[in-house]
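A.B. asks: Pasting a structure below so you can have a look.
Bear in mind that the values in this text are calculations on the coordinates, not laboratory data. Since the structure is predicted, the reported quantities are computational estimates derived from the model, not experimental observations. Every residue, glycine among them, receives a Cβ derived from its backbone with ideal geometry; neighbour counts consider all protein chains shown.
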Amino acid sequence: MGSANREKFDNTVVEWIDSRMPIFTILNKEYGVFPTPRNFNYFWNFGAIAMFMLMTMIITGIILAMHYTADTKLAFDSVERIMRDVNGGWLLRYIHMNGASFFFIAVYIHMFRGIYYGSYKKPRELLWILGVIIFLLMMATAFIGYVLPWGQMSLWGATVITNLFSAVPFVGNWIVETLWGGYSVDNPTLTRFFALHFLLPFVIFAVVFLHVWALHVSGSNNPLGIEPKGPQDTLPFNPYYTAKDTFGLVVFMVAYAFFIFFAPDFLGHPDNYIPADPLVTPAHIVPEWYFLPFYAILRAVTFSINWYLIIGAGLCAYAFIKWMTKNKERESFFVKEYMVFVLPALFLFVLGAVIAFIPVSEQQFVDGELQYVGIARIIEGIRYYFTFDFLIPDSIRGTTEAVEMRVAIDALLIPISAKLGGVLAMFGSIALLIVLPWLDSHPVRSARFRPLFRIFVLLFTVSVGILGYAGSQPADKVYWSTCLGDAVACEALAHGGHGAGAEHHSDASATTIIKLDNTMLAQAFTGFYFAFFLIIIPLLGRFEKARALPYSIHEAVLGKEQRAGV
Amino acid sequence: MFIRILTVSFVLLGFSVQNAGAAGDQVSPPSQPWSFYNGPAGVFGYYDQASMQRGLKIYREVCASCHSLKRVYFRNLEALGYNEAQIKNIASEYTVVDGPNDEGDMFDRPGKPSDKFVSPFANDNAAKYANNGAFPPDLSLITKARAKGPDYLYALLTGYAQPPAGEHVSGGQHWNTYFPGHKLSMAPPLSDGQVSYEDGSPETLDQYARDITHFLAWAADPYMEERKKTGLKVLIFLLVFAGVMYSVKKKVWKGAH
Ligand code: HEM
């Protein structure tokens, strides 16, 4: 490994080791004189900060493991013993507990930096993918770690999330039972989670090693997103970036220390100070804050996904890809294939959406006959034919036989249940990050020179924040509602309020309630999340005109005095 | 700029929404002036020993007949300002089951400072049985186990009221403004004049509720003072260190821009 043209060290001990194993030569090459773009801003601090957090977690974690007991009868007590009876135990636990949050803060900023400055683009795709793998491993580690103190949220959070895997076709139940080591979250779950929580950080460490290796092959990106052209564009890593990273790290530690010492339980949930009890379900089960956007995406899929929607989406995707990849004659393509793909797709979408979204309408009886009026009639017509309801003979309606038939038809018509859809959406939202380098074909990296991309990345960031908020709120929470139609009936509804069944009279059908609840909020922003990756980024990649790039980093830095950069 | 406006409006939306949401069956307890939240963000927080001593008295004379405090050792009472002899004295008033002895029998002995507070019931089922099926939770972590813990506890103890018109509470339950769902299986444990104070503090429900809350806040978070004192030192160190690193960085980067 590069020992052939090695320079000698003055220190004899160092030289003795280095001539046998050139570790000091490598360290100097990779961290000493490593040529680094001279124009980093503070966003480039967060990789080093994440590294610091990983080491902090591993060190505090190992010491905690010396005092922790992985047994459902003792786990909660052993954590409290750490808090009360182990010397400095409270500090150790608070560092580890808040460390998870600050690790995620650092990595989220690090990932934002990667997207904003186009660091995922060629030649850094593998570097980026290794980053996403680290992110997934971190999520697994943090989720499992939260189970260890065996409080109420530990138990119930684990129950809700592990249960999700039962939606996976064929192997779902096997996965869940393997995770549990039984038929519910119990002692075997806790012991295996402890073993995994001990293991995974070292796996992360190994992947971080690969991540940094890949980084040192491609070299760092920079805020301009242009490659260094020569030595005038770079600085040796030491002392320039060692000094800058240390300063940034200490500032980060100020915020981290503030939480450890003055608000150590702020980011946690009070219910986790109640020992786990399988017989008492908490009022609201919420994961830790860093999972909330993904939790919102998971819960946003409240509808089952039928073949009409899938085929419609497939046709749209096909037409979109064809259209995007066709260089010339885009116009003529549009006219010709439009009819073949987009119109049928739209038709299928309407059918699929009616079946999936619109609740069975208010039924009205006239002379004992079920009647549908106006638009409801059309909707029920669609439902009757396109859900193959007509296959069920009228003579058996209302019997269990009819219900069984309906279930059998639905099994064929709906390949993706709402639960599976949610799981797919949640994992899909992260899988999109992996393919991001291929979704974005724009040659320019940095958002500084892509005004539209910049706006959309910022909007995307805000909407991830809103998804996080939606994830923290109960699904049926209503933000805004209004009642249309008969004024008296509306008044009665408003005052009759909850559960006043007696107040319910036929007038209620003369009203329509329009509302914005938390599920709809989550659905809207989940839609934007996916549209950002699947529609906006590919379109911008194709059509966005970038601003002129500077000739070199050096030139741009020298001209900086006149310009106010981002 | 418009991004900023967007963010601000969403934050405002969030707040207004949260306030509206609080009108459900859970009432947010009003904030009280606690000495342990002293200073901005509570950085100068400290425990009031006199209040904690009164709180201990209330716990022992009232709450202890139903609620355990099983994570607290008698020796911990040093933090309330008691000396070794006083702690020995308090501990010895309890009877602890110990053993087995050389002959294999369990035996009773007076408590020692190294013992934990003795629980009123032998196990959870006994506790439930004695309380009409409702379990009186252990109080050693109660202020951490509830949102806005100390404020909630104070509000709960002073929040008993007549049920509003149209609401019924069945036998053994009591209407409480601040309990989620309002129907609480604990009868109002405190009332004016119930516990006598030796230090001349008012013998009122309000004062009792503050004192027991103060004591239980300490029981849940006994290292709070040490934590905050250490925190101030750490923060000052880090800020100075950041300043030093800033000037080092400036010096290193001089001429490199
Ligand atoms: C355990 C967590 C992680 C650690 C310790 C870590 C560490 C680092 C370090 C030390 C660097 C070099 C300094 C820098 O450019 O900021 C770096 C670069 C990078 N990381 Fe990470 N990283 C982590 C997670 C991630 C994740 C989750 C992603 C993305 C999904 C990611 C994407 C990148 C990219 C694209 C670069 C190259 C940066 C550039 O030059 O633009 N990293 N990482």
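A.B. asks: From other protein chains only, count the Cβ atoms within 10 Å of every residue's Cβ in A:185-194, then give the mean. Spell out each step's value before the answer.
C.D. replies: Values: counts 0, 0, 0, 0, 0, 0, 0, 0, 0, 0.
The mean count of partner-chain Cβ atoms within 10 Å per residue comes to 0.
A.B. asks: Ok, one more. Taking amide H positions as placed in the peptide plane 1.01 Å from N, state which residues far from residue A:151 in sequence (5 or more) or on other chains have amide H under 5 Å from it.
C.D. replies: Amide H to amide H, under 5 Å and 5 or more residues apart or across chains, residue A:151 pairs with A:276.
A.B. asks: From the residues A:211, A:267, A:240, which one has its Cα farthest along the dipole of the stretch A:204-296 in the positive direction, the dipole being from +1 and -1 charges on Cβ of Lys/Arg and Asp/Glu about the Cα centre?
C.D. replies: Of the candidates, A:240 comes out farthest on the positive side.
A.B. asks: Still on this structure, please answer the following. Dipole of the stretch B:162-257 (Lys/Arg Cβ +1, Asp/Glu Cβ -1, origin at the Cα centre): which of B:248, B:164, B:179 lies farthest to the positive side?
C.D. replies: B:248
A.B. asks: Once you keep just the Cα pairs under 8 angstrom separated by 6 or more residues, what percentage relative contact order results for chain B?
C.D. replies: On the way: 304 pairs, mean separation 58.8, N = 257.
Contact order relative to length: 23 percent.
A.B. asks: Could you compute the FRET efficiency for residue A:254 and residue A:212, with r as their C-beta to C-beta distance and R0 at 22 Å, rounded to 0.05?
C.D. replies: Numbers: r = 26 Å, r/R0 = 1.17.
FRET efficiency, residue A:254 to residue A:212: 0.30.
A.B. asks: Now a separate question. Would you list, by chain and number, the aspartates and glutamates whose Cα falls below 13 Å from the Cα of residue A:515, excluding same-chain residues fewer than 8 positions away?
C.D. replies: Candidates past the 8-residue exclusion: A:476.
A.B. asks: Roughly how big is the stretch A:185-338's charge dipole about its Cα centre, with Cβ charges of +1 (Lys, Arg) and -1 (Asp, Glu), in debye to the nearest 20?
C.D. replies: Dipole of the stretch A:185-338, to the nearest 20 debye: 680 debye.
A.B. asks: Under 20 Å from the Cα of residue A:73, which aspartates and glutamates turn up, not counting those fewer than eight places away in the same chain?
C.D. replies: A:85, A:186, A:271, A:277, B:124, B:138
A.B. asks: Another question, if that's okay. For chain A, find the longest principal axis of its Cα atoms and tell me its angle to the long axis of helix A:487-496, 0 to 90°, nearest 10.
C.D. replies: 60 degrees
A.B. asks: Report, in debye and to the nearest 20, how large the dipole of the protein assembly as shown comes out about its Cα centre when Lys and Arg carry +1 and Asp and Glu carry -1 on their Cβ.
C.D. replies: On the way: 63 positive and 66 negative charges, 893 e Å.
Taking the Cα centre of the protein assembly as shown as origin, the dipole is about 4300 debye.
A.B. asks: With 20 Å as the limit, write out which pairs from A:122/B:249; A:229/B:251; B:88/B:229; A:229/B:249; B:70/B:128; A:121/A:326 have Cα-Cα distances beyond it, or answer none. If you can, show how the numbers build up before the last one.
C.D. replies: Numbers: A:122/B:249 32 Å; A:229/B:251 26 Å; B:88/B:229 29 Å; A:229/B:249 25 Å; B:70/B:128 17 Å; A:121/A:326 22 Å.
Flagged as over cut-off: A:122/B:249; A:229/B:251; B:88/B:229; A:229/B:249; A:121/A:326.
A.B. asks: Picking from B:47, B:152, B:223, which is most flexible by a Gaussian network model of chain B using Cα springs under 10 Å?
C.D. replies: The residue with the greatest mean-square fluctuation here is B:223.
A.B. asks: If the chain between residue A:488 and residue A:177 were fully stretched, how many nm would it gain, using 0.36 nm times the residue separation less the Cα-Cα distance? It would help to have the intermediate numbers written out before the result.
C.D. replies: Working: separation 311, 0.36 × 311 = 111.96 nm, distance 5.40 nm.
Once the chain is fully extended between residue A:488 and residue A:177, it gains 106.6 nm.
A.B. asks: Shifting gears a bit: Under the definition of partner shielding as Cβ atoms of other protein chains within 10 Å of a residue Cβ, what is the mean value for peptide B:223-236?
C.D. replies: Values: counts 7, 2, 0, 4, 7, 2, 1, 5, 9, 2, 1, 7, 6, 0.
Average per residue, whole number: 4.
A.B. asks: So, one more: Would you mind computing, in nm to one decimal, how far apart the modelled labels at residue A:170 and residue A:65 are, each placed 7 Å from Cα along Cα→Cβ?
C.D. replies: Between residue A:170 and residue A:65, the simple spin-label model gives 3.5 nm.
A.B. asks: For residue A:402 and residue A:85, compute 0.36 nm times the residue count separating them, minus their Cα-Cα distance, and round to one decimal in nm.
C.D. replies: 107.7 nm
A.B. asks: For an R0 of 35 angstrom, estimate the FRET efficiency from the Cβ-Cβ distance between residue A:27 and residue A:267 and round to the nearest 0.05.
C.D. replies: Working: r = 36 Å, r/R0 = 1.03.
With a Förster radius of 35 Å, E is 0.45.
A.B. asks: Could you check the spin-label model distance between residue A:411 and residue A:310? Points 7 Å from the Cα along Cα→Cβ, value in nm.
C.D. replies: According to this spin-label approximation, the distance is 1.5 nm.
A.B. asks: Which helices, taking whole DSSP H runs in chain B, have alpha carbons extending 27 angstrom or more along the helix axis plus mean Kyte-Doolittle at least 0.5?
C.D. replies: Working: long enough: B:2-21 (28 Å, 1.43); B:224-253 (42 Å, 0.42).
Taking the DSSP H segments of chain B (at least 27 Å long, mean hydropathy at least 0.5), we get B:2-21.
A.B. asks: How far is helix A:375-386 tilted, in degrees, relative to the longest principal axis of the Cα atoms in chain A, given as a value from 0 to 90 rounded to the nearest 10?
C.D. replies: Between the helix axis and the principal axis of chain A, the angle is about 80 degrees.
A.B. asks: What ratio of Cα Rg to 2.2 N^0.38 Å holds for the protein assembly as shown? Each step should come with its number before you reach the end.
C.D. replies: Details: Rg = 32.1 Å, N = 823, 2.2 N^0.38 = 28.2 Å.
Ratio of Rg to 2.2 N^0.38 Å for the protein assembly as shown: 1.14.
A.B. asks: Something else about it: Return the FRET efficiency for the residue pair residue B:44, residue B:148: r is the Cβ-Cβ distance, R0 is 22 Å, and the value is rounded to the nearest 0.05. Don't jump to the answer; show the numbers that get you there.
C.D. replies: On the way: r = 20 Å, r/R0 = 0.90.
About 0.65, to the nearest 0.05.
A.B. asks: Here's another thing I want to ask about it. Could you sort A:235-245, B:182-192, A:288-298 so that the peptide with the highest average Cβ count within 10 Å comes first and the rest follow in order?
C.D. replies: Numbers: A:235-245: 19.5, B:182-192: 15.8, A:288-298: 22.9.
In decreasing order of mean packing, A:235-245, B:182-192, A:288-298 become A:288-298, A:235-245, B:182-192.
A.B. asks: Just name one of A:11, A:281, A:315: the one whose Cα is farthest towards the positive end of the charge dipole of chain A (beta-carbon charges, Lys/Arg +1, Asp/Glu -1).
C.D. replies: Farthest along the dipole direction, towards plus: A:11.
A.B. asks: Right, here's the next one. What do you get for the angle between helix A:237-262 and the principal long axis of chain A? Use alpha-carbon atoms, 0 to 90 degrees, nearest ten.
C.D. replies: Here the helix axis deviates by roughly 50 degrees.
A.B. asks: Next up: Multiplying the sequence separation of residue A:452 and residue A:418 by 0.36 nm and subtracting their Cα-Cα distance, what value in nm do you get?
C.D. replies: Working: separation 34, 0.36 × 34 = 12.24 nm, distance 3.43 nm.
Fully extending the segment from residue A:452 to residue A:418 adds 8.8 nm.
A.B. asks: Shifting gears a bit: Isolated Cys in the protein assembly as shown by the 4.7 Å beta carbon test?
C.D. replies: Cysteines of the protein assembly as shown left without a disulfide-compatible partner: A:316, B:63, B:66.
A.B. asks: Ranking A:185, B:169, A:444 by Cβ neighbours within 10 Å, fewest first, what do you get?
C.D. replies: On the way: A:185 28, B:169 14, A:444 20.
Ordered from fewest to most neighbouring Cβ atoms within 10 Å, A:185, B:169, A:444 come out as B:169, A:444, A:185.
A.B. asks: Ok, one more. Helix-only mean residue ellipticity at 222 nm, chain B, DSSP H runs n ≥ 4 weighted -39,500 (n - 2.57), per residue, nearest 500. What is it? Mind dumping the intermediate values first?
C.D. replies: Values: 7 runs with 105 residues, N = 257.
When only DSSP H runs of four or more count, the value is -13500 deg cm²/dmol.
A.B. asks: Straight-line reach from residue A:8: which lysines fall under 20 Å, measuring Cα to Cα and dropping same-chain residues less than 8 apart?
C.D. replies: By straight Cα distance, residue A:8 reaches A:29.
A.B. asks: How would you order A:479-485, A:21-27, A:50-56 from highest to lowest mean count of nearby Cβ atoms within 10 Å? Spell out each step's value before the answer.
C.D. replies: On the way: A:479-485: 13.0, A:21-27: 15.1, A:50-56: 19.3.
Output ranking for A:479-485, A:21-27, A:50-56: A:50-56, A:21-27, A:479-485.
A.B. asks: Quickly estimate the mean residue ellipticity at 222 nm for chain A, helices only: each DSSP H run with n ≥ 4 gives -39500 (n - 2.57), and the total goes over all residues, rounded to 500.
C.D. replies: On the way: 22 runs with 335 residues, N = 566.
Mean residue ellipticity at 222 nm (helix-derived): -19500 deg cm²/dmol.
A.B. asks: Within 10 Å of each Cβ in peptide B:134-146, how many partner chain Cβ atoms are there on average? Round it to a whole number, please. Before the final figure, lay out each step's value.
C.D. replies: Working: counts 0, 2, 0, 2, 2, 0, 3, 8, 3, 2, 7, 9, 4.
Going residue by residue through B:134-146 and averaging, the value is 3.
A.B. asks: Which of these, B:80, B:205, B:235, has the largest mean-square fluctuation under a Gaussian network model of chain B (Cα springs below 10 Å)?
C.D. replies: Maximum among the listed residues: B:235.
A.B. asks: Here's another thing I want to ask about it. How far apart, in nanometres, would the label points at residue B:122 and residue B:232 be if each is projected 7 angstrom from Cα along the Cα-to-Cβ direction?
C.D. replies: 5.0 nm
A.B. asks: Would you mind working out the magnitude of the charge dipole of chain B relative to its Cα centre, with +1 at each Lys and Arg C-beta and -1 at each Asp and Glu C-beta, to the nearest 20 Debye? Can you show the working numbers first?
C.D. replies: Values: 25 positive and 25 negative charges, 396 e Å.
Approximately 1900 debye in magnitude.
A.B. asks: Sticking with this one: Of the listed peptides B:88-95, A:265-272, what is their order by residue-averaged count of other C-beta atoms within 10 Å, with the highest listed first? Can you show the working numbers first?
C.D. replies: Numbers: B:88-95: 15.5, A:265-272: 19.8.
Peptide ranking by packing, descending: A:265-272, B:88-95.
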